[in-house]
Amino acid sequence: MPTLLIKNAVLNGEPVNIFCENGLISAIDTGDHPADETLDANGMIAFPPLINAHTHSSMTLFRGNGDDLPLMEWLTQRVWPYERSISRDEIYWGAKLAIVEMIRSGTVFFNDMYWDFHAVAEAVEEMGVRASLASVMIDFTDDASARQRQFDRIEREYEQLNRYSDRVTFALGPHAKYTVSEESFRWAADFCKRYNVILHTHLSETEKEVKDCIAEHGCTQVEYFHRIGVLETRFVAAHCVWLNDRDIALLGEHGVVCAHNPTSNMKLAVNGVYPYKKLRDSGAITAIATDGAGSNNNLDLFEEMKIAALLQKFDKDDTTELNANEVLDMATDNPSSFFGLGGRKLEVGRQADLILLNPYLPEMNPPHDLASHLVYSANGSVVDSVICDGRVLMKHREIEGMDEIIANANEAARNMFARVDDA
Ligand SMILES: [Zn+2]
């Protein structure tokens, strides 16, 4: 693996050179280390990359198609009919478009849930980022033999993980309580415990799904998952909006990672607010996330951080709720060890993943408080360069092959919509 020297960066206010070898940061000092590649940071601020804890990468293809519709109308008329026939190639180009967008806004790890594990894994490999990719399960219309075929497909995908580098990790993604049977959820929990892999699902996003669960099982979704063994897995639960105090205590007891998607929650009018403080105090881990581009509509975590902070302040009628440093932790420190990543501190021995932030832009000045600027003033365009695993993925805003990726993703979207619309 080639070595990389990042010269003239600024870390904690001090000028430094950062030397990367074998995928790790091996020196942070003012020394001149001979390296295969040198990146002149030109006074840019070195910062850890951001972590996107819940997205559906290839849904970039659905961006801006079906906004402002009622939730069920959007899903049943603008998403599901097209997803039924989406091809592997279309998923691949959608994922590449998502990854380019994430790199440009400082994200090099995402926790994904989308069809065709291998199509997204190839995109991750080629783009040089990291991801936890969920093999998706949906079985609400399946009979027993279709269910068994799905279990077999997942076992096979898990066995094929060795095709990829360690930047790709395997997760299991039973989609949600309302699309996956109890039998399959129990199978998923067993599978995840057997192989120690992450179980990633949607949880308590809308009031209706929680009420439906109570009507069917006499308990909330969290209690239902507790009963059938899901909380004992390495569990990432996306949304977590409609929770009672007992649910919050259970999520805390089990150290669940709760992926908070404030933009998507507001855009889809879920009519509730993520109970951040109660979840934090219970011991649950809050991680920030964009959700898919169909319901966001971008993948910029800087924007997401600002919206998260504003939503808590507005909801609690209290300006002191969710300060800038806590929001930055949601995108860095909080979920880092769960996903096997470095946290908010850049130090020797950590994975050579980092971003360079441009301090010369108007929105970054006067330089009173970096955390405040990153959450309240900046957006993803302050990211100048991106390094992952000791490789430069974006150099001074340039990503190799970006125009071709955009063109191919546009064609994939055109084909996907035309196939159904013209049928
Ligand atoms: Zn989602």
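Per-structure values
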| read-out | value |
| --- | --- |
| Scan of the stretch 236-286 for residues that are part of a loop (DSSP other than H, G, I, E, B), more than 20 Å from the chain's Cα centre (by Cα) and away from the ligand (no atom under 16 Å from the Cβ), ordered by number | LEU243, ASN244, HIS254, ASN271, GLY283 |
| Test: ILE18 is open to solvent by 10 Å² or more (accessible area, probe 1.4 Å) and more than 16 Å from the ligand (Cβ to nearest atom) | no |
| Boolean, LEU370 is more than 21 Å from SER165 (Cα to Cα), in the same structural domain as CYS20 (by TED's automatic domain parsing) and modelled with pLDDT of 95 or more | yes |
| Residue ID - nearest to the ligand (Cβ to nearest atom), chosen from residues in the stretch 200-225 that are small (Gly, Ala, Ser) and either closer than 18 Å to ASN111 by Cα or open to solvent by 40 Å² or more (accessible area, probe 1.4 Å) (or both) | ALA215 |
| Residue within the stretch 130-150 that is under 15 Å from LEU97 (Cβ atoms) and more than 16 Å from the ligand (Cβ to nearest atom) present | no |
| In the stretch 226-235, the residues that are away from the ligand (no atom under 16 Å from the Cβ) and surrounded by 22 or more Cβ atoms within 10 Å (Cβ to Cβ) | VAL230, THR233 |
| Breaking point among (1) open to solvent by less than 20 Å² (accessible area, probe 1.4 Å); (2) away from the ligand (no atom under 16 Å from the Cβ); (3) not hydroxyl-bearing (Ser, Thr, Tyr), for MET113 | (2) |
| Residue among ALA331, ALA284 that is closer than 17 Å to GLY106 by Cβ and surrounded by 21 or more Cβ atoms within 10 Å (Cβ to Cβ) | ALA331 |
| Positions within the stretch 158-175 being farther than 21 Å from MET127 by Cβ and surrounded by fewer than 21 Cβ atoms within 10 Å (Cβ to Cβ), in sequence order | TYR158, GLU159, HIS175 |
| In the stretch 1-15, the residues that are open to solvent by 20 Å² or more (accessible area, probe 1.4 Å) and assigned to a strand (DSSP E or B) | LYS7, ASN8, VAL10, LEU11, GLU14, PRO15 |
| Selected residue [of a type outside the set (Asp, Glu) and not assigned by TED's automatic domain parsing to the domain that holds LYS96] from ASN298, ASN265, ASN358 | ASN358 |
| Counted residues, the stretch 314-324 - those being assigned to a helix (DSSP H, G or I) and surrounded by 16 or more Cβ atoms within 10 Å (Cβ to Cβ) | 1 |
| Within the stretch 29-56, considering residues that are in a strand (DSSP E or B) and farther than 30 Å from ILE285 by Cα, the one least open to solvent (accessible area, probe 1.4 Å) | LEU39 |
| Selection count, the stretch 75-95, where residues are in contact (Cβ under 8 Å) with a residue 60 or more places away in the chain and open to solvent by less than 20 Å² (accessible area, probe 1.4 Å) | 4 |
| Tally, over the stretch 295-313, of residues that are away from the ligand (no atom under 16 Å from the Cβ), open to solvent by 10 Å² or more (accessible area, probe 1.4 Å) and without any contact (Cβ under 8 Å) to a residue 40 or more places away in the chain | 2 |
| GLU411 within 24 Å of the chain's Cα centre (by Cα), over 15 Å from PRO48 (Cα atoms), charged (D, E, K, R) and open to solvent by 20 Å² or more (accessible area, probe 1.4 Å) | no |
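The values are calculated or read from the model by the stated rules, or taken from the named source; none is laboratory data. As the structure is a prediction and not an experimental result, all values here were calculated from the model. Counting neighbours? That spans all protein chains shown, and the Cβs are built from the backbone with ideal geometry, glycine included. Areas reflect the complete protein model, heavy atoms only, side chains present, ligands, DNA and RNA absent. Shrake-Rupley method; radii C 1.70, N 1.55, O 1.52, S 1.80 Å.
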